[in-house]
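Peer 1: Got a structure for you, written out below as C-alpha cells; questions coming shortly.
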Amino acid sequence: MSKGKILIVDELHPVFKERAIALGYEVDDEPLFTREQTLAAISAYQGIAVRTKFRIDQELMAAAPSLKFIARAGAGLDNIDEAYALGRNITLLNAPEGNMDAVGEHAIGLLLSLMNNFRKADQEVRNGIWDREGNRGYELKGKTVGIIGYGFMGQRFAKKLSGFEVNVIAYDKYKTGFTDAYAKEVSMEEIVRQSDVLSLHIPLTGETRQMLNEEYLFHFRKPFFFINTARGEIVNTGAVLAGIQSGKILAAGLDVLEVEKFPALANQDWFNQLKDAGKVILTPHVGGWTFESYRKISEVLAEKLSSVI
C-alpha cells in the first residue's frame, strides 16, 4: 500500500527517490518543473521536495490540501512559510547534517585565503608582480574566533578549527550550556570584545535579518576578519563596505549576499564596490554544495522521511 505521493521539483541526488520508493512512496521526479507547473500539479501530492528553486509559500501550500510534509534539500528553511506550514500541521524536513562538513571546510578556506592574501597574491604574480612584503599574511594560531550560532554548522566549523590552536568562542541566543571540546559558550558582549575572526552560522529570520549593520559593527573592540556562509540578508553589505574602509573589518569572505544571482546582483548599487574591494573574496553560495554533500543531503532527508507518519 502506498504511503502517498512525493513531487520532486528540484535537482536532488537519486538516492532520495530510491529510498523514498523503498519506504513505500510513489515519487514523481520533475526537476524542471516551474512554479506554475508545480501549482497546477501539487494537489495530487502528500509531499514535495525542493532545494532553492522557488519559495514554498502560502499560495503553493493552499493549492495542496493533502500536503503532509515538505522536504528541503539543504539546511535553512527560509524559503518556506514556516508559520503557515505549522498552522497546517505540515511537517518540515531539512538536512543540515548533510552539508555541515562542506560549510565548515568552505569557511576555513575563505578564512585562510583572506589571512594569507591568496587572491591578491595570485593576481599579482600572474601580472608579473613579485611582492612578498605586500602579501605578508597572518597566522591563525593564537587568534580568537567568534562564532555566532552553534547549531550543526557552527559546531562543525569549530571542530575543523581545532587543529589550528585557536581560541574559539561561541554565542547562541537560543542555546545554553553548550561549551564543548571545540568552543566556549560566551555572551555577545564577549564576542564583540574578543574576536579576531567573526563567522556567522545562524538562520535567516525576522530577528536576524540585517543583524550585522553599522551599529552592530561599532561595538567590536578589535579589527577582525569576517566570514559569512549563512544567509546574505543577515548582513547589511553597505555596513561591511564601510567597515572595510574604516579598517574595522580587515577582510571579508562572503559566500552569500543580500541579493544573489545575475542579472539582479549586477543591478545593486553596492555590487561594484564589493567586487572592486581588494579585501573581499566572493563565492556563489556554494559553501554547502560539494559533490559529497549533494548525496549526503538526500540521504539525510530520506532517513528523516522514514519518521513521517
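The values are calculated or read from the model by the stated rules, or taken from the named source; none is laboratory data. Keep in mind it's a predicted model, so treat the numbers as computed, not measured. Note: ideal-geometry Cβ built from the backbone for every residue, glycine included; neighbour counts use all protein chains shown. The protein model used for the area step is the full one, side chains on, heavy atoms only, and it has no ligands, DNA or RNA in it. Shrake-Rupley method; radii C 1.70, N 1.55, O 1.52, S 1.80 Å.
Peer 1: Going through the stretch 95-118 one residue at a time, which ones are assigned to a loop (DSSP other than H, G, I, E, B) and either in the same structural domain as N79 (by the TED database) or surrounded by 21 or more Cβ atoms within 10 Å (Cβ to Cβ) (or both)?
Peer 2: Within the stretch 95-118, just A95 meets the criteria.
Residues are listed down the side, and each one gets a yes or a no for (1) touching a Cys at 6+ places or on another chain (Cβ under 9 Å); (2) aliphatic (A, V, I, L, M); (3) buried (at least 17 other Cβ atoms within 10 Å of the Cβ):
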site	(1), (2), (3)
V259	no, yes, no
F262	no, no, no
F271	no, no, yes
G278	no, no, no
V286	no, yes, no
R295	no, no, no
S298	no, no, yes
L301	no, yes, yes
S307	no, no, no
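Peer 1: Within the group L250, L217, which residue is hydrophobic (A, V, I, L, M, F, W, C), open to solvent by 40 Å² or more (accessible area, probe 1.4 Å) and either over 22 Å from T52 (Cβ atoms) or without any contact (Cβ under 8 Å) to a residue 24 or more places away in the chain (or both)?
Peer 2: L250
Peer 1: I want to confirm something. Restricting to the stretch 53-75 and keeping residues that are small (G, A, S) and surrounded by fewer than 19 Cβ atoms within 10 Å (Cβ to Cβ), which single residue is farthest from L204 (Cα to Cα)?
Peer 2: S66
Peer 1: Please state which of the following conditions Q194 fails to meet, knowing it meets all the rest: (1) open to solvent by 10 Å² or more (accessible area, probe 1.4 Å); (2) touching a Phe, Trp or Tyr at 6+ places or on another chain (Cβ under 6 Å).
Peer 2: If we test Q194 against (1) open to solvent by 10 Å² or more (accessible area, probe 1.4 Å); (2) touching a Phe, Trp or Tyr at 6+ places or on another chain (Cβ under 6 Å), just (2) comes out false.
Peer 1: Right, another one. Filter the stretch 31-52 for residues that are closer than 10 Å to D10 by Cα and open to solvent by 70 Å² or more (accessible area, probe 1.4 Å); which is farthest from the chain's Cα centre (by Cα)?
Peer 2: Checked the stretch 31-52; the qualifying residue farthest from the chain's Cα centre (by Cα) is L32.
Peer 1: Right, next: Run R51 past the list (1) touching a strand residue (DSSP E or B) at 6+ places or on another chain (Cβ under 8 Å); (2) modelled with pLDDT of 95 or more and report the number of the one that doesn't hold.
Peer 2: Failed condition: (2).
Peer 1: Test L77 against the criterion of being without any contact (Cβ under 8 Å) to a residue 12 or more places away in the chain, on the phi < 0 side of the Ramachandran plot and touching a strand residue (DSSP E or B) at 6+ places or on another chain (Cβ under 9 Å), and give yes or no.
Peer 2: So L77 does not fit the description; no.
Peer 1: Anything in the stretch 219-233 that is of a type outside the set (S, T, N, Q), under 18 Å from L110 (Cα atoms) and under 22 Å from the mean Cα position of the chain (by Cα)? List them, or say none.
Peer 2: Of everything in the stretch 219-233, those that are of a type outside the set (S, T, N, Q), under 18 Å from L110 (Cα atoms) and under 22 Å from the mean Cα position of the chain (by Cα) turn out to be F224, F225, F226, I227, A230, R231, G232.
Peer 1: Out of everything in the stretch 119-151 that is among the polar types (S, T, N, Q) and free of Cβ contacts under 8 Å to residues at least 12 places away in the same chain, what residue ends up being surrounded by the fewest Cβ atoms within 10 Å (Cβ to Cβ)?
Peer 2: N127
Peer 1: R295: basic (K, R), farther than 22 Å from G151 by Cβ and not in a strand (DSSP E or B), yes or no?
Peer 2: Against the criterion (basic (K, R), farther than 22 Å from G151 by Cβ and not in a strand (DSSP E or B)), R295 does not qualify.
Peer 1: Which numbered condition in (1) out of contact with any Gly (no Cβ under 7 Å at 6 or more places or on another chain); (2) open to solvent by less than 70 Å² (accessible area, probe 1.4 Å) is the only one that R209 fails?
Peer 2: For R209, the exception is condition (2).
Peer 1: In the stretch 265-309, what count of residues is obtained for those that are touching a Gly at 6+ places or on another chain (Cβ under 6 Å) and under 16 Å from D255 (Cβ atoms)?
Peer 2: Summing the residues that are touching a Gly at 6+ places or on another chain (Cβ under 6 Å) and under 16 Å from D255 (Cβ atoms) in the stretch 265-309 gives 2.
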